[in-house]
Amino acid sequence: MKPVLKGATIAAVLAVAGGVAAFASDPEPVITPEARGVAQAVTAAELAAWGRERGDAGALIMAARLLSEVPVRQGEGPEPILTPGRLLDEAAALSAGNQPIIDAIDRLREPMTRGVRSSPFGAGPVFTVKQLRARESWTFDVDARAGEVLRVAAIGDGDTDIDLTIHDQRGATMCRDGFGDHYPVCTVSSRAGGKMRVALTNRGDVRTSIQVLSN
């Protein structure tokens, strides 16, 4: 009887193990360093917008510091519209000649000219700069890697609101950010990966420049 009981016990254990495997949750999608870099760049853009509204030079300096940590790889279009140097220029204009603020800006400028030497954000997100006419839309395709988070952000020049939408290969909406600001961001993941279509729309009545970031 003992061998029979032993066999039954093993069978029961295997059955339980099989059940656990059958109901195991899917693995969490991987968030790459470059995807985290996109998120930090958007945080910098939001902080810069907050500083402009309040005339706060310190907020723009902090936004420049956040942005300076994120390396970027250039895609299509001209130079980026949101840079640490430009944010520091804005901070200097708001400083009203306050010498401690000017000194803080000067201290930051020097290491920024040497670029990002070591970053937790890997090679950094890819950026593309595009101009959109009033009410114009622009679409492009990206390749989502299986099991990884895809993060796309659009940082505008502040003239108009921008909508951002991501569709999968079947046309289903995976994400939409239309909250009425000029720095929408979408984060999606796909177990299978494949092509995704990104759509950007200028909701305003004037031309605007946008800087698109993606990992």
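A few notes on this one:
- Applying the criterion of being open to solvent by 40 Å² or more (accessible area, probe 1.4 Å) and within 30 Å of Val142 (Cβ to Cβ) to the residues of segment 78-114, the residue that is modelled with the highest pLDDT is Arg86.
- The set of residues from segment 71-111 being in contact (Cβ under 8 Å) with a residue 24 or more places away in the chain and touching a Ser or Thr at 6+ places or on another chain (Cβ under 7 Å) comprises Pro71, Gly75, Glu76, Gly77, Ile81, Pro84, Ile101.
Conditions (1) closer than 18 Å to Pro78 by Cβ; (2) at pLDDT 95 or above; (3) among the polar types (S, T, N, Q), marked per residue:
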residue	(1), (2), (3)
Gly122	no, no, no
Leu132	yes, no, no
Glu148	no, no, no
Asp161	no, no, no
Ile166	no, yes, no
Arg170	no, no, no
Met174	no, no, no
Ser189	no, no, yes
Arg207	yes, no, no
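- Restricting attention to segment 44-71, the residues being more than 19 Å from Val129 (Cα to Cα) and either in contact with a strand residue (DSSP E or B) (Cβ under 6 Å, 6 or more places away or on another chain) or in a loop (DSSP other than H, G, I, E, B) (or both) number 3.
- When Phe121, Phe140 are screened for being farther than 30 Å from Ala57 by Cβ, among the aromatic types (Phe, Trp, Tyr) and either buried (at least 16 other Cβ atoms within 10 Å of the Cβ) or out of contact with any helix residue (DSSP H, G or I) (no Cβ under 6 Å at 6 or more places or on another chain) (or both), only Phe140 passes.
- Filter result (touching a residue at least 40 places away in the same chain (Cβ under 8 Å), exposed (fewer than 15 other Cβ atoms within 10 Å of the Cβ) and within 20 Å of Asp143 (Cα to Cα)) within segment 163-215: Arg191, Ala192, Gly193, Gly194, Lys195
The values are calculated or read from the model by the stated rules, or taken from the named source; none is laboratory data. A quick note: this is a predicted structure, and the numbers were derived from the prediction, not measured. Every residue, glycine as well, gets a Cβ built from its backbone with ideal geometry; the counts of neighbours run over all protein chains shown. Keep in mind that these areas ignore ligands, DNA and RNA; they rest on the heavy atoms of the full protein, side chains included. Shrake-Rupley method; radii C 1.70, N 1.55, O 1.52, S 1.80 Å.
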